[in-house]
Amino acid sequence: MQPRDPMKARRGLGGGRVLSLVPLLVLLLVLCGCSAEDGMDKCKLTAESASERSVLNRLTPLLHRNFSVVQKEEKESYTYVFQLCGDADGVAGAGFVQKDNTKTTVVGRYNSTKAIGGSVWVLLTYDNGEKYDNHCDMANRKAFVMITCDRTTDASTLTVAEERERKECFYLFEMTSSAVCPPLESKLSAGSILLIVGLCLVAAYLIGGFLYQRLIVGAKGMDQIPNYAFWVEIGNLSADGCDFVCRSKNREEPNAYRGVSSEPAEEEPEERDDHLLPM
Ligand SMILES: *[C@@H]1O[C@H](CO)[C@@H](O)[C@H](O)[C@H]1NC(C)=O
Ligand SMILES: *[C@@H]1O[C@H](CO)[C@@H](O)[C@H](O)[C@H]1NC(C)=O
């Protein structure tokens, strides 16, 4: 293999990298754009504040999903449907609805949202539901959704516990989700993001370099591999290094020793081979 012009090789690498970085950057930008809170702004906080908004944003993985639970009482059964900052069961403005055989009741609206949170939980409140007919002081219904940390699920099923015997009535729902867990996961995924970016760079280098060598330099065969001479050299150097460090020198002694004792035994088959060859 004849060594290539090092200047050419360097330019091949540079051109390839710049060219293939452009789509990579576009991809990263698109990914960032998608992960921004898309839909979360439909929730109106009753008292808008940055800290409450950031609590709400922890729930981003739960967006755009209907969660439902069936509650059976003696003769009736109710179905509750919850959606984060979106129309639960398709009912406009409702974040939480209760359905029975005859009607759908809005339990809470996402234009009256509150969110408080601790390290392993978020309590979401939807206020301003339909008024109670004849109990609970005929106040507006409201729903609490308690979401607690569970790393094994992105969103568990809902459970329900209605409270209507007290002065202040509410519907209480519980679910678990990894979304509200402390950011151990985001550290992990930062590591994997770095890994992915690293792999992308390697792939960009290989593909960009290959295309450059093939299309612009016009290389053929193994020469299409970017910086081929360099990598071959690295390979040889590390093989030499490994040979130097790892190989035990003792091996030559038994060789010499065996050479004396086993010489006749080794010669015989060789001779037989020579006889076979002309046939
Ligand atoms: C929620 O349920 C309603 C009614 O079934 C449906 O129209 C809507 O598309 C669902 N939304 C999502 C995000 O699944
Ligand atoms: C929320 O929406 C309901 C029904 O659309 C409306 O009656 C109510 O005034 C709104 N509340 C707020 C705080 O915007």
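The values are calculated or read from the model by the stated rules, or taken from the named source; none is laboratory data. Here the structure is a predicted model, which is why all the values come from computation and not from measurement. Using ideal geometry, Cβ is built from the backbone for each residue, glycine included, and neighbour counts are taken over all protein chains shown. All accessible areas refer to the heavy atoms of the entire protein, side chains included, with ligands and DNA or RNA removed. Shrake-Rupley method; radii C 1.70, N 1.55, O 1.52, S 1.80 Å.
Odds and ends about this structure:
- Largest to smallest accessible area among 142, 75, 167 [probe 1.4 Å]: 75, 167, 142
- Ranking 132, 161, 50 by how far each Cα lies toward the positive end of the dipole of the range 50-180 (charges on Cβ) leaves 50 at the top.
- Which listed pairs, of 44/114; 72/167; 142/167; 42/114; 114/167; 75/167, have C-alpha distances above 19 Å, in listed order: 72/167; 114/167; 75/167
- Cβ-derived FRET efficiency at R0 41 Å, residue 57 paired with residue 206, nearest 0.05: 0.60
- Of 60, 70, 175, farthest towards positive along the dipole that unit charges on Lys, Arg, Asp, Glu beta carbons give the range 50-180: 60
- Computed from backbone phi with θ = phi - 60° and the Karplus coefficients 6.51, -1.76 and 1.60, the 3J(HN,Hα) list for the range 83-92 is 9, 7, 6, x, 6, 5, 6, x, 7, 4 Hz; x is used for glycine and proline.
- Pair residue 196, residue 87: separation of 7 Å Cα→Cβ label points (nm): 3.3
- Remark: the residue 240-residue 178 segment gains 17.3 nm on full extension, using 0.36 nm per residue and subtracting the alpha carbon distance.
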